[in-house]
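Report on the structure given below.
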Amino acid sequence: MSKAKLDRLLRSSDGHLDQRQRKAALKLLQEDKKRVDNMMAADQLSGAGYPMDQQLRRILEMANDDAIRGSDYPLRNLWDVFRAFVLPEECAIGTILRLRPERDHAFDANDFFAFASDPAIKEATIAKLQALPEGVIHNYSILTDPKDVVFEQEDGDPIILLGIALIRHGNHLYWQSCGGYVVDLAEVTAARRAELAKGEKKVRAANPTAPDEMIRDILNPTARALPGAPGVWDCSSFGMFDLSTQSHEIRASTRDWTITQAVFTDQFEERLADLYDVDDAARRLVDKAMAHIERDKLLFEVAEVAFALPAYFAARVQFVKKQEMKTQLANPKDQRAKYALKAPPIMRIQTRVVSTLDYGPTGGSKPKSFTPPRFRVEVDGYYRRLAPNGHGFDKDGNPLMGMTWVTKHARWKDKPFRIGVVRVKSAITSALRRVKNIGVLGTEKITVS
């Protein structure tokens, strides 16, 4: 409303405001600022309170910081994936982002990963993903101790998964995981600071006008613990997946350094893509990011296994329970809720219904090993970013907003097929809890090959 009034005021004055009009314009901007604050607070306070929906809101907050500053591509290196989870809202003070509608799910990690190799679930994975309601975020979060299930590989640090968010648009599945590496955070922090200290002169030379405080922040990062999981470094993975060809078209991974966030992606601006084969500097820049993507392969493999969650919930539908969870908007002691409840009615979500799947009978012996899906990576092209409202096409010619497919061999993505062994360890605590339900005692170790 304020934006429309302000537009009319500017049109009627031909852009030249007298004192009365300036006061009217200022009042409209102040009203709009309050409305924007209320909407952003409503989004932040309306989650079910599980790991995945909370991560969505942390990323949304960062994206809105960029959007309010006028960026056409908030969270630039993640925008091509994260844009699928949000809706733009035009306001007088600028464009903000709102989360799309959400459906929440919670599950027992031990039960899911014990069933993850069931052929019926594997076969149904793509079909169930294709059947997801379009434009609706599906959040999946674990119910159990974050370290109940730990994934390991011989050549890297172990990781945990707290959840995954999925949203379908046409033939594309956009996703982001919530998890990270089990590491000594102080050791990781010290190693990174020592590495940056060697290049301090280059950092200062490259940022001659940056405030000294900003330089200090860059040179002194702190590995951030994953909320709710002490001793786990907050490192997530993101992607755009083609359901028709069962291939990854965009992949990205992040490392949270508290004040800053490192993002590595195989989605590059066309400038770098065109220069990859002819310019050494461009090739080094791209290959450096790809080396990080390869090192984070376990994050992507575990996310691929989690693609089976919709099929898992469908297969175990008789055990699914609906649980109502009050959001922070329903908390009368939260001062932010007082203002958030002034947001549009559709955003005043005080209760979330969570589909909860805690154990049930296994229906047979647990598998001893299984192979992750390891879907292929698309190398016969890449996406070129357009203006935010630009009209493009995917590789099948379907309309796509904001980017368009370029058919060209993406040599930087062309890597050998992933092999190797992943070990999945399930803690004794959960095994003991399962005794009452399925009559199995002991520590479960599942080898994933």
Conditions (1) in contact with a Lys or Arg (Cβ under 6 Å, 6 or more places away or on another chain); (2) of a type in the set (Val, Ile, Thr); (3) at pLDDT 95 or above: number failed by Val150
(3)
Whichever residue in the stretch 132-167 is of a type in the set (A, V, I, L, M, F, W, C) and in contact with a Ser or Thr (Cβ under 9 Å, 6 or more places away or on another chain) and, among such residues, is most open to solvent (accessible area, probe 1.4 Å)
Leu143
Checking the structure you have, find out if any residue of the stretch 229-251 is on the phi < 0 side of the Ramachandran plot, surrounded by fewer than 23 Cβ atoms within 10 Å (Cβ to Cβ) and without any contact (Cβ under 8 Å) to a residue 12 or more places away in the chain.
yes
Could we say that Ser46 is among the small types (Gly, Ala, Ser), within 37 Å of the chain's Cα centre (by Cα) and modelled with pLDDT of 95 or more here?
yes
Tell me whether the stretch 200-217 contains one or more residues that are touching a strand residue (DSSP E or B) at 6+ places or on another chain (Cβ under 8 Å), of a type in the set (Lys, Arg) and either modelled with pLDDT of 95 or more or open to solvent by 70 Å² or more (accessible area, probe 1.4 Å) (or both).
no
Does the stretch 253-262 contain at least one residue that is more than 22 Å from Pro158 (Cβ to Cβ), at pLDDT 95 or above and open to solvent by less than 10 Å² (accessible area, probe 1.4 Å)?
no
Here is a check on your reading of the model: is Ala431 at pLDDT below 70, over 21 Å from Ser244 (Cβ atoms) and open to solvent by less than 20 Å² (accessible area, probe 1.4 Å)?
yes
State all residues of the stretch 366-394 that are over 20 Å from Ala273 (Cβ atoms), at pLDDT 80 or above and either open to solvent by 60 Å² or more (accessible area, probe 1.4 Å) or among the hydroxyl-bearing types (Ser, Thr, Tyr) (or both); if no residue qualifies, say none.
Asn389, His391
Give the residue, chosen from Lys321, Lys333, that is in contact (Cβ under 8 Å) with a residue 12 or more places away in the chain and open to solvent by 30 Å² or more (accessible area, probe 1.4 Å).
Lys321
Among the candidates Phe113, Phe107, which residue alone is of a type in the set (A, V, I, L, M, F, W, C), in contact (Cβ under 8 Å) with a residue 40 or more places away in the chain, closer than 28 Å to Trp233 by Cβ and out of contact with any Phe, Trp or Tyr (no Cβ under 8 Å at 6 or more places or on another chain)?
Phe113
Check Thr327 against each of (1) modelled with pLDDT of 95 or more; (2) closer than 30 Å to Thr125 by Cβ; (3) surrounded by 14 or more Cβ atoms within 10 Å (Cβ to Cβ) and name the one condition it does not meet.
(2)
Taking the options Leu185, Leu196, Leu173, name whichever one is among the aliphatic types (A, V, I, L, M), touching a Leu at 6+ places or on another chain (Cβ under 6 Å), at pLDDT 95 or above and on the phi < 0 side of the Ramachandran plot.
Leu173
Tally up the residues in the stretch 172-192 that are surrounded by 15 or more Cβ atoms within 10 Å (Cβ to Cβ) and outside any strand (DSSP E or B), please.
5
Going through Ala289, Ala282, Ala308 one at a time, which residue ends up being of a type in the set (A, V, I, L, M), closer than 30 Å to Ala410 by Cα and out of contact with any helix residue (DSSP H, G or I) (no Cβ under 8 Å at 6 or more places or on another chain)?
Ala289
For the subset of the stretch 337-357 comprising residues that are free of Cβ contacts under 8 Å to residues at least 40 places away in the same chain and in a helix (DSSP H, G or I), which member is surrounded by the fewest Cβ atoms within 10 Å (Cβ to Cβ)?
Pro345
Given (1) of a type outside the set (Lys, Arg); (2) surrounded by 13 or more Cβ atoms within 10 Å (Cβ to Cβ); (3) at pLDDT 65 or above; (4) out of contact with any Pro (no Cβ under 7 Å at 6 or more places or on another chain), identify the lone condition not met by Gly402.
(4)
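The values are calculated or read from the model by the stated rules, or taken from the named source; none is laboratory data. Nothing here was measured: the structure is a model prediction, and the numbers come from that model. When we count neighbours, we look across all protein chains shown, and the Cβ atoms used for this are built from the backbone with ideal geometry, even at glycine. These area figures cover heavy atoms from the full protein model, side chains too; ligands, DNA and RNA do not enter into them. Shrake-Rupley method; radii C 1.70, N 1.55, O 1.52, S 1.80 Å.
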